[in-house]
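Bear in mind that the values in this text are calculations on the coordinates, not laboratory data. Here the structure is a predicted model, which is why all the values come from computation and not from measurement. Reconstructed Cβ throughout: ideal geometry from the backbone, glycine too, with neighbour counts over all protein chains shown.
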Amino acid sequence: MQRDKWLFEISPKNNLFDLNLKEVWQYRDLLMLFVKRDVVTLYKQTILGPLWYLIQPLFTSIIFTLVFNTIAGISTGQIPPFLFNLAGVTVWNYFKECLTATSDTFKTNEAIFGKVYFPRVIMPMSIVISNLLKFGIQLFIFICFYLYYYFNGYEITPNTYILFFPLLIIAMGMIGLGLGMIISSMVTKYRDLTFLVAFGVQLLMYLSAVMYPLDLMREKLGNVLGGKDLSWIVDLNPIAHLIEFSRFILLNDGDYSTFGIVYTTLFTIAVFFLGLLIFNKTEKTFIDTI
């Protein structure tokens, strides 16, 4: 007897290491629909709409310039302080939005998850992709200010490593997605993590060299708490390396290390696949604990 050939087959996932990426590809049309939904509905009932994409990084960069560069006197060398801060804020915002939006996936979408089947990982993936639009708008604003300062005589030039900038953004998205999937899986049992994420992201920003040079952080942390060297905190923060490398690419300012690139690459791959494994395992039973 000839076995029937089914178009789709739904079966329990018994293998922990079954990432099921083939099924995600089969549902790519649904992924694009979720991306479109996120873009259209985010600011649908607001007055300013997508202008909020511009207001947030601009006001944040202005405040950072006033507090850290004008009042605190932190030097950014030949780079205008506002442009220095805007570069860091633009890249940081993409990571922050990916992390915070994906860290509550199961709780936010429990209604639709309980009614219809599709690969659950599509939901956080759609958030990461839709945030690229917001990032693109903010990057455009950065380029406008970059050209303004350039034509006003400031010695700023992009680095020859500019071709690696898309890979840097992909790494930011993968880290945000991986960490977000891990936290989302834990939120199904421990709701307090939702509040901890909002608080932790703010602390992480200050440890990620968003508003000051990475070398300055190493210097200040090299002799604190009774002479103890805490500069290793910076070196173990992959986000700090990514932001510093992004400023090196965009402004030809700062430096990067081979250790930072290799460490960040390995961390990105590890946290993404770890998050995917934990997320796939949690999706089987989350409906009983959410």
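Among the chymotrypsin sites (Phe, Trp or Tyr not before Pro) in segment 58-147, which ones are in a DSSP loop with at most 14 other Cβ atoms within 10 Å of the Cβ? Mind listing them?
TYR117
Give me ARG120, ARG247 sorted ascending by neighbouring Cβ count inside 10 Å, so fewest comes first.
ARG120, ARG247
At a Förster radius of 22 Å, what calculated FRET efficiency corresponds to the Cβ-Cβ distance of LEU147 and ILE62, to the nearest 0.05?
0.70
With the chain treated as a Gaussian network of Cα nodes joined by springs under 10 Å, which of LEU274, LEU203, LEU30 yields the largest mean-square fluctuation?
Between LEU274, LEU203, LEU30, it is LEU203 that shows the largest mean-square fluctuation.
Karplus couplings for segment 55-71 from phi (6.51 cos²θ - 1.76 cosθ + 1.60, θ = phi - 60°), rounded to Hz, Gly and Pro as x?
Each residue's phi maps through the Karplus curve to give 5, 4, x, 5, 5, 4, 5, 5, 5, 4, 5, 5, 6, 8, 9, 7, 7 Hz.
So, R0 is 41 Å and r is the distance between the beta-carbons of ASP192 and LEU163; what FRET efficiency does that work out to, to 0.05?
So, using R0 = 41 Å, E works out to roughly 0.45.
So for ASP235, ASP215, fewest C-beta neighbours within 10 Å to most, what's the order?
Sorted ascending by nearby Cβ count, the order is ASP215, ASP235.
Please go through segment 161-232 and write out the chymotrypsin sites (Phe, Trp or Tyr not before Pro) that DSSP classes as loop and that have at most 15 other C-beta atoms within 10 Å.
TYR190
May I ask for the net charge around ARG247, where only other residues with Cβ less than 12 Å from the Cβ of ARG247 are counted and Lys, Arg are +1 while Asp, Glu are -1?
Neighbourhood net charge equals -4.
With Cα Rg over 2.2 N^0.38 Å in mind, check (i) 0.90; (ii) 0.99; (iii) 1.11 and report the label derived from this structure.
Given (i) 0.90; (ii) 0.99; (iii) 1.11, the calculated one carries the label (iii).
Taking the Cα centre as origin and putting +1 on Lys and Arg beta-carbons and -1 on Asp and Glu beta-carbons, what dipole magnitude results for the chain, to the nearest 20 debye?
With only Lys, Arg, Asp and Glu charged at Cβ, the dipole is about 820 debye.
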